[in-house]
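Everything below concerns the one structure shown next.
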Amino acid sequence: MQIQNNSDIQNKGSKTVISMKNIIKRYYIGLPNELQILNGISLDIKEGEFVAIVGESGSGKSTLMNMIGALDRPTEGSYLFNNEDISKFTDRKLSLVRNQEIGFVFQNFNLIPRTSAVKNVELPMMYAGVGRKERNKRAMELLELVGMKDRADHKPNELSGGQKQRVAIARAMANDPSLILADEPTGALDTKTGHIVMDIFHKLHHDGKTIVLITHSPELAKETQRIITISDGNVISDTKGVGR
């Protein structure tokens, strides 16, 4: 479960991690208040890309994030993740995809309060059936990667916001997922700390990880390779980012 070296990235680029075709999402189907949030979105994301999905509140970006993260199912359309149509998966198979193939980073960290940093990072590996010794070794390596090895035994209430987010990133990497999905990862942080967290995402991208960043911030989006803008449930632009 090692992060791929930058030298391996040259062999990537042809594999499509995410392929969405005509994704429609409706709620309250058949009722007078039926609501359509996504209006036939199609997009492809290649292995090794760093992509931002940008949109104002109510644009549909959070619903799209839930589709990408296999947290919800489309009403219509197909979603191929690593060439498998996961829109047809059972709930159990979707749970396995979320645990082993997608690493989530949320604005509010979502760490287990009474559990140490290292145990928080170990949690996805425990659910995946990784042995205690191996998962502890991997968790400590990941905490070192994000500069948190010296805080391994600290609980979330003993950590700053930036430290919590670094632990959350380490946890997202626990099962060496195909995709890191980050939802407003700097939204609860001050500007300086936000830059530190973004530095980690850039390092992971440099090491070959596929990253999708959900944000309302155009400035943050510009740091990525590619910016997909959502408005009223539609993709209205797909442009190149400035990067770093």
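Details
- Pairs where the first residue, in segment 130-150, is under 21 Å from Leu96 (Cα atoms) and the second is assigned to a helix (DSSP H, G or I) and at pLDDT below 95, C-beta under 6 Å, 6+ apart: none
- Condition broken by Lys164, with the remaining ones in (1) in a loop (DSSP other than H, G, I, E, B); (2) within 18 Å of the chain's Cα centre (by Cα) satisfied: (1)
- Of the criteria (1) surrounded by 15 or more Cβ atoms within 10 Å (Cβ to Cβ); (2) part of a loop (DSSP other than H, G, I, E, B), which one Arg138 fails: (2)
Every residue, every condition in (1) under 29 Å from Glu219 (Cα atoms); (2) of a type in the set (Asp, Glu); (3) open to solvent by less than 50 Å² (accessible area, probe 1.4 Å); (4) at pLDDT below 95, yes or no:
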residue: Met1; (1), (2), (3), (4): no, no, no, yes
residue: Ser14; (1), (2), (3), (4): yes, no, no, yes
residue: Ile41; (1), (2), (3), (4): yes, no, yes, no
residue: Phe50; (1), (2), (3), (4): yes, no, yes, no
residue: Ser57; (1), (2), (3), (4): yes, no, no, yes
residue: Thr63; (1), (2), (3), (4): yes, no, yes, no
residue: Glu76; (1), (2), (3), (4): no, yes, no, no
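- Flag for Pro185 being surrounded by fewer than 20 Cβ atoms within 10 Å (Cβ to Cβ) and out of contact with any Asp or Glu (no Cβ under 6 Å at 6 or more places or on another chain): no
- Count of residues meeting criterion [buried (at least 19 other Cβ atoms within 10 Å of the Cβ), under 26 Å from Glu47 (Cβ atoms) and not aliphatic (A, V, I, L, M)] in segment 100-121: 2
The values are calculated or read from the model by the stated rules, or taken from the named source; none is laboratory data. Computed from a predicted structure; not experimentally measured. All Cβ positions, even for glycine, are placed from backbone atoms using ideal geometry, and neighbour counts span all protein chains on display. The accessibility values were calculated without ligands, DNA or RNA, using every heavy atom of the protein model including side chains. Shrake-Rupley method; radii C 1.70, N 1.55, O 1.52, S 1.80 Å.
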